[in-house]
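Handing you a structure now.
The numbers here are math on the coordinates, done by the rules we state, and not lab data. Model, not experiment: these values are computed from the prediction. Please note: Cβ atoms are built from the backbone with ideal geometry, for glycine as well, and neighbour counts cover all protein chains shown.
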Amino acid sequence: MIFYYIYLIFVIFSSLVIKKKGFLLNYTGDNHQSFSNSGNIPLTGGFFLIFPIVFFYLNDLIFVSFLSIIFLIGFFSDRKILVSPKKRFFFQVISILLFVIITDLRITSSRIDLFDLFLSNEVFAYFFTSFCLLILINGSNFIDGLNGLFISYSLIVLFVLGNLGLISNSILSGQFFYLILLLMLLLLLLNVFNVLMIGDSGAYLLAFFLGVIIINSHENNPNISPYFYISLIWYPCFENLFSIIRKLNIKFSPFNPDNKHLHQLVFFFIKKKLGLSTIFSNNFSSAVLIFLNFLVVYICSLNPISTIYQIKLIVSSIILYISGYFLLNKFYNSNFKLKK
């Protein structure tokens, strides 16, 4: 335990030094990157996350290996070595599919008889599980455009799962659970104050880690509705799916980034209406979205067994998202030049 607290102190001081020295900076000037922050912030959050996670899972070489691979895909993206989104997606697909097959990680139930019949087929289950992990990973990276948004979201989800006793000690022990939450809280504070960002490496790593925990929880708790787990992560997943549909509709490649995600529209609205500085608009926009998603996650945690309850919540959340999106998009189009 004492070594972990020493590590937290190390994270603080090394973050400040790296920031001062200007190592591993993020800013390239891309429109999608600079819409809410034009400063050079070190992309070090992923490094601070992977070391304790790898150390804890040293006895599980398969999990450690694939965690490292997912992290490296993000790291090469951060360093502009793996620039092509298509190539990144290809490496993600191969890595996650191999991981799912090797570890026999499967989503086993949807509580829909016909679909469960498909899930009983091993090959289909592997591909569907891989698809869900890919949606979560890339959706999580999408929402990581505002300070603290994805880290906060992950904190909320992990805390709810732990509070309900739905995380097996075999995947995440009680002591390490609280230590990893403490580390994420520290990274959140450093992110809010622009000392660091988690980058693609941190977003990919954390989303993959979170996804494996959720699927493991689903497998070990058959009495819990599978839609409860969907409610937990509906936002990044729906953000990804909605973005794909939206871009295809305007004949824009789903692989190319743009400035029309929900969190970006919220940022534009708040900055225009309140006239705040970029950093305050960034943090305030993130806080608004975190609060709304906290409400969704809290409400879903009140009745995790009922499928009907969870489906109603998911549908309501999607309707709220779409309604808010089109209103904010209308405001954006009337006040800003469209940018791709």
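What is the distance in Å between the Cα centres of segment 308-335 and segment 156-183?
Centre-to-centre distance over Cα atoms comes out at 30 Å.
Sticking with this structure for a sec: Sorting check: for 79-92, 167-180, which peptide has the highest mean count of neighbouring beta carbons within 10 Å, and how do the rest follow? Can you show the working numbers first?
Numbers: 79-92: 13.8, 167-180: 15.4.
Top of the packing list down: 167-180, 79-92.
Whole percent per 5 Å bin, from 0 to the bin with the longest distance: what is P(r) over all C-alpha pairs of segment 1-158?
Computed distribution, short to long bins: 1, 7, 12, 17, 19, 16, 11, 8, 4, 2, 1, 0.
Expected output is a single nm value to one decimal: the length gained when fully extending between SER334 and PHE124, i.e. 0.36 nm times separation in residues minus the C-alpha distance. What is it?
Working: separation 210, 0.36 × 210 = 75.60 nm, distance 4.54 nm.
That pair, SER334 and PHE124, stretches by 71.1 nm at full extension.
Longer than 23 Å from Cα to Cα, which of LYS87/LYS330; LYS21/LYS80; LYS247/LYS271; LYS80/LYS330 are they? Say none if no pair is.
Values: LYS87/LYS330 33 Å; LYS21/LYS80 20 Å; LYS247/LYS271 25 Å; LYS80/LYS330 33 Å.
Violating the 23 Å Cα-Cα cut-off are LYS87/LYS330; LYS247/LYS271; LYS80/LYS330.
Something else: Find the eigenvalues of the gyration tensor of the Cα atoms of segment 225-282, then list the square roots of 5 times those eigenvalues as equivalent ellipsoid semi-axes, largest first, in whole angstrom. Write out the running numbers ahead of the final one.
Working: eigenvalues 132, 73, 12 Å².
Each semi-axis is √(5λ); the values are 26, 19, 8 Å.
Further question: Report the gain in length on full extension from VAL93 to LEU114: 0.36 nm times residue separation, minus Cα-Cα distance, nm rounded to one decimal.
That works out to 5.0 nm of additional length.
Where does the Debye-calculated log10 I(q)/I(0) of segment 223-332 sit at q = 0.17 Å⁻¹, using only Cα point scatterers of equal weight, no solvent?
Normalising to I(0) and taking log10 leaves -0.88.
At what distance in nm do the modelled label points of ARG79 and THR278 sit from each other, each positioned 7 Å from its Cα along Cα→Cβ?
Label-label distance for ARG79 and THR278, simple model: 2.6 nm.
Moving on. Mean shadow of segment 273-334, computed from the convex hull of its alpha carbons, in nm²?
Values: hull surface 19.7 nm².
For segment 273-334, the mean projected area of the Cα convex hull comes to 4.9 nm².
Now for a different question. Once you have the alpha carbon radius of gyration of the chain, what is it after dividing by 2.2 N^0.38 Å, with N set to its residue count? Mind dumping the intermediate values first?
Details: Rg = 19.4 Å, N = 340, 2.2 N^0.38 = 20.2 Å.
Relative to the rule-of-thumb radius for its length, the chain sits at 0.96.
Something else about it: If r is the Cβ-Cβ distance from ASN163 to LYS312 and R0 is 22 Å, what FRET efficiency results, to the nearest 0.05? Provide the component values of the computation, followed by the final result.
Numbers: r = 22 Å, r/R0 = 1.01.
So, using R0 = 22 Å, E works out to roughly 0.50.
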